[in-house]
Structures are given as C-alpha cells and as structure tokens.
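Asker: What follows is a structure written as structure tokens; I'll ask about it next.
The values are calculated or read from the model by the stated rules, or taken from the named source; none is laboratory data. Predicted model only: the values in this text are computed from it and were never measured. Glycine gets a Cβ as well: all are built from the backbone with ideal geometry, and neighbour counts include every protein chain shown.
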Amino acid sequence: MSDLSIELHWQRATPVLQTGQYSNAHTVLYNNSFDVQVDAAPDWGGDPGNTNPEQALASALSSCHMMTFLALCAKAGWPVASYHDYAVAHLGKNHKGQMSVTRIDLHPVVRFDTGFDVEEAKLDEMQHRAHRYCFIANSLADSVEINIL
C-alpha cells in the first residue's frame, strides 16, 4: 500500500514560547503543490479565516465517503450527476474525559441523471455501504460517531 504524506511548517513569532502568548497558525503543504493555512479552532483562539484540524478531519471523512459512494454507484450503474455534502465535526469529551471530535455529521445530497429514480431505502443503504467501506470512517470507527443524515 502507498504512504501518503504532507509537510507541516510552524515558526514561532514570539521571543519565547509561553502559554497563551504564541500562535498555533501553521502551513500544511500538499503534494509539494499547494499550501493550506491551518490554525486552532476559533473556540481555542485560532483565526476563523484559516482551516483547523477538526475541519480537515470532517473534510477527509466527507471526501472519502463521497469517493466510496461514487465507486459503489458506478458499479451498480447508478448515474450520479452531482453530490454535495455539508459535514460538521462536533467537539466534546470522549469516554476518557478528553477533548476530541466526538461526532461527525454528513449531510449528503445526491442528484442523478434525468429519468433515473431510486427508492429512498436503496439510497440510504448505498450511503451506509459507502460508510462501511470508507477508509477514513474505518480509521475513526472506534472513536467517532458518524451520522449520515
């Protein structure tokens, strides 16, 4: 299997590293091609103009779920025309009392080619199959509740 990597860079901008006196802002480089500005979530003092690790986790799950769903639909001959999702990562305390992403809600909306129709129950089952086969969901399965609404 392949190894997939990023590069992360943070540089202190203050004379010393002191609690509450430094920035968490950093850059993540993907594929030696593009940078994403990352910071702590706004509730933890981060810049709301930057992404944060919790959003990145929700994005990874949403993307993986969509790609798995599309692969299953292609195999089934379902002509997906568009797919939209609104993913939300919820922060809270886990069963150990530690702060974590406790739940990620996916809200996929799927549109098919004109003339194609599928029963709601079959569409729901396909979404749940996508969840079962999604690499990211399987990586999070023991620690995060994932709801496909």
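Asker: Confirm whether Pro15 is more than 21 Å from Ser100 (Cβ to Cβ) and of a type outside the set (A, V, I, L, M, F, W, C).
Answerer: Judged against the criteria, Pro15 is a match.
Asker: Restricting attention to the stretch 17-53, and to residues there that are acidic (Asp, Glu) and assigned to a loop (DSSP other than H, G, I, E, B), which single residue is farthest from Leu91 (Cα to Cα)?
Answerer: Residue satisfying both the conditions and the ranking: Asp47.
Asker: Are any of the residues in the stretch 15-33 of a type in the set (S, T, N, Q), touching a Gly at 6+ places or on another chain (Cβ under 8 Å), touching a residue at least 12 places away in the same chain (Cβ under 8 Å) and surrounded by fewer than 17 Cβ atoms within 10 Å (Cβ to Cβ)? Break it down into steps so the answer makes sense when it comes.
Answerer: Kept after step one, since they are of a type in the set (S, T, N, Q), are these residues of the stretch 15-33: 18-19, 21, 23-24, 27, 31-33.
Those left that are additionally touching a Gly at 6+ places or on another chain (Cβ under 8 Å): 24.
After this cut, where a residue has to be touching a residue at least 12 places away in the same chain (Cβ under 8 Å) as well, the list is 24.
Checking which are surrounded by fewer than 17 Cβ atoms within 10 Å (Cβ to Cβ) leaves us with 24.
Checked against the condition, which is being of a type in the set (S, T, N, Q), touching a Gly at 6+ places or on another chain (Cβ under 8 Å), touching a residue at least 12 places away in the same chain (Cβ under 8 Å) and surrounded by fewer than 17 Cβ atoms within 10 Å (Cβ to Cβ), the stretch 15-33 yields at least one hit.
Asker: Same structure, new question: Might you check whether a residue that is free of Cβ contacts under 8 Å to residues at least 40 places away in the same chain and in a loop (DSSP other than H, G, I, E, B) occurs anywhere in the stretch 54-77?
Answerer: Checked the stretch 54-77: at least one residue is free of Cβ contacts under 8 Å to residues at least 40 places away in the same chain and in a loop (DSSP other than H, G, I, E, B).
Asker: Taking the stretch 82-112, which residues are outside any strand (DSSP E or B), touching a strand residue (DSSP E or B) at 6+ places or on another chain (Cβ under 6 Å) and either at pLDDT 95 or above or surrounded by 15 or more Cβ atoms within 10 Å (Cβ to Cβ) (or both)? Steps first, please.
Answerer: To start, the set of residues in the stretch 82-112 that are outside any strand (DSSP E or B) comprises 85-87, 94-98, 107-108.
Narrowing the set further to residues that are touching a strand residue (DSSP E or B) at 6+ places or on another chain (Cβ under 6 Å) leaves 85, 87, 94.
Once the filter is applied, which keeps residues that are outside any strand (DSSP E or B), touching a strand residue (DSSP E or B) at 6+ places or on another chain (Cβ under 6 Å) and either at pLDDT 95 or above or surrounded by 15 or more Cβ atoms within 10 Å (Cβ to Cβ) (or both), the stretch 82-112 yields Asp85, Ala87.
Asker: Here's a follow-up. From the list Ser62, Ser23, Ser33, which one is polar (S, T, N, Q) and within 14 Å of the chain's Cα centre (by Cα)?
Answerer: Among Ser62, Ser23, Ser33, only Ser62 is polar (S, T, N, Q) and within 14 Å of the chain's Cα centre (by Cα).
Asker: Give all pairs with beta carbons closer than 8 Å in which a residue from the stretch 113-138 that is in the same structural domain as Ala87 (by TED's automatic domain parsing) and under 21 Å from Ala87 (Cβ atoms) meets a residue that is aromatic (Phe, Trp, Tyr) and assigned to a loop (DSSP other than H, G, I, E, B); count only pairs at least 6 apart in sequence or on separate chains.
Answerer: Going by the 8 Å Cβ cut-off, the qualifying pairs are Met126/Trp78.
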